[in-house]
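What follows is a single structure, written as structure tokens, with notes after it.
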Amino acid sequence: MNHYMYSKRNAWSGVLFGIGAVAFIDETVFHQLLHWHHFYDKSTTNIGLVSDGLFHAFSWFATIGGLFMYADLRRRSALVRARWWGGFLVGAGGFQLYDGLIQHKLMRIHQIRYVENVILYDMVWNILAACMLLVGFILVYRTRSSQGAGKAYSNVH
Amino acid sequence: MYINSHLHHYQGTEQQHLAWIVVPQLLLALPFVIALGVYIIAAIRSNPDKPWPLNRIVYWCIGVTSAVLAITGPLASLAHTNFAAHMLSHLLLGMFAPLLMVMAAPMTLLLKTLSTPLARRLTRMLKSWPSRLLTHPIFTTCLNIGGLWLLYTTNLYSLMHEHIVLYLLIHVHIFIAGYLYTLSFLYIDPVFHRFSFVYRSIVLIISLAGHGILSKIIYVQPPSGVSLDQAKVGGMLMYYGGDMIDLVLIIILCSHWFRSTRPRMVWHPN
């Protein structure tokens, strides 16, 4: 019963944590540990800086908020693992694709790495993102609670 | 460069030293020392049957201490010439100290300690429209983040080091704005005009973005009188230091949501 009621929250908790996880990995692994990209790129436009700032703040909040939502689902015995992971992959893949296409290429905030054949890195980054997004959507779709069940429940209520 | 040359000429005379180091540090530290004493006395004298929580006293002590460390002693003196030291002192005064002092719930303690008529009068004040404005998350964001934008993107930063009154006002503003800002997102003390978690979360994200964007702007466009090298260190300190304090802020906000949405036991009479 709880599974139907909290179906949306399962997916959203995963999406939020997925966004946060990718942003966190990007920041710690590629920036802090490997020094592949810079804190600030000279070609960054003002709108790029605003978009980057908003996304950074949002992903920081999403990481923590997503985990609290996960704890809430556990407490209610309403966690649907497959659906949560589906949401996670949608969030992670979606953010990575947005980062790779819009922030890196369109807004030119920074590159993945400052080397000659950056196109290779871009392709790995974006194809991986698209795969995560696709698998995520399939999982979310397959774990959706059917309309009939949802209605039956609300009638009982 | 500007600030350095300015420093040289006041280090020369005793009077200048008094005006620029001793007086502002004493004036700024005094209210905090009084606040520490009043809080501890109130905590001891509050209801003996139900003692005031020790962790709140600890928060208050650490909060007041970090504010005092930011405005007096070696850090405050170094902050006149070193931008990274300035930024560290601002993190302590504008973010860390307010966060801990809000967590210490001073208004709750005050309401418990005051006599009933006085407590009623205070409650009436807290319900008035000025206090509604001062605890509105959008207003406090403008006050806090907007104030920082003014300070670092105009020549206010170099003016602050020339006029002592301006220096005092800005430092008082940084603390009060930081305190009201924290208060308007975390409902630990009684807040009579409340906003939903979603509302506060959205405003918080926008304001954190404003802080992050400003730190990257400082990184490339140093405030007047600051060298590029120092601006880079200061900007990164502001960005990552801000993230660390925001982390605590977000965890507390989310844990309040977690507590408020807990499933309640429902009793079905048959």
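The values are calculated or read from the model by the stated rules, or taken from the named source; none is laboratory data. None of these values were measured; they are calculated from a predicted model. We place every Cβ from the backbone using ideal geometry, glycine too, and count neighbours over all the protein chains shown. Accessible surface is based on the protein model in full, side chains and every heavy atom, while ligands, DNA and RNA are left aside. Shrake-Rupley method; radii C 1.70, N 1.55, O 1.52, S 1.80 Å.
Filtering region A:64-104 to residues that are within 14 Å of chain B (Cβ to nearest Cβ), part of a helix (DSSP H, G or I) and either farther than 26 Å from residue A:47 by Cα or at pLDDT 95 or above (or both) leaves A:64, A:65, A:66, A:67, A:68, A:69, A:70, A:71, A:72, A:73, A:74, A:75. Residue B:80 fulfils the conditions (1) part of a helix (DSSP H, G or I); (2) in contact (Cβ under 8 Å) with a residue 60 or more places away in the chain; (3) not basic (Lys, Arg) except for a single criterion, (1). For residue B:165, the conditions (1) within 23 Å of residue B:74 (Cα to Cα); (2) surrounded by fewer than 21 Cβ atoms within 10 Å (Cβ to Cβ); (3) touching a helix residue (DSSP H, G or I) at 6+ places or on another chain (Cβ under 8 Å) all hold with the exception of (3). Any residue at all in region B:202-209 that is at positive phi and not aromatic (Phe, Trp, Tyr)? For region B:202-209, residues at positive phi and not aromatic (Phe, Trp, Tyr): absent.
Among the residues of region B:228-239, those identified as within 10 Å of chain A (Cβ to nearest Cβ) and more than 17 Å from residue B:204 (Cα to Cα) are B:232, B:235, B:236. Look at region B:206-221: where a residue is at the interface with chain A (Cβ under 7 Å from one of its Cβ atoms) and a partner is among the charged types (D, E, K, R) and open to solvent by less than 30 Å² (accessible area, probe 1.4 Å), sitting 6+ places away or on another chain with Cβ atoms under 7 Å, you get B:208/B:246.
When B:138, B:145 are checked against the criterion of being under 29 Å from residue B:206 (Cα atoms), of a type outside the set (D, E, K, R) and in contact with a Gly (Cβ under 9 Å, 6 or more places away or on another chain), B:145 stands alone in meeting it.
Restricting attention to region A:31-53, the residues that are open to solvent by 40 Å² or more (accessible area, probe 1.4 Å) and either out of contact with any His (no Cβ under 9 Å at 6 or more places or on another chain) or more than 14 Å from chain B (Cβ to nearest Cβ) (or both) add up to 10.
Exactly one residue out of B:133, B:118, B:122, B:69 is free of Cβ contacts under 8 Å to residues at least 40 places away in the same chain, surrounded by fewer than 16 Cβ atoms within 10 Å (Cβ to Cβ) and under 18 Å from the mean Cα position of the chain (by Cα): that is B:133. Taken together, the criteria exclude residue B:260 from residues that are of a type in the set (Ser, Thr, Tyr) and within 21 Å of the chain's Cα centre (by Cα). Residue B:137 meets all of the listed conditions (1) farther than 21 Å from residue B:60 by Cβ; (2) at pLDDT below 95 but one, namely (2).
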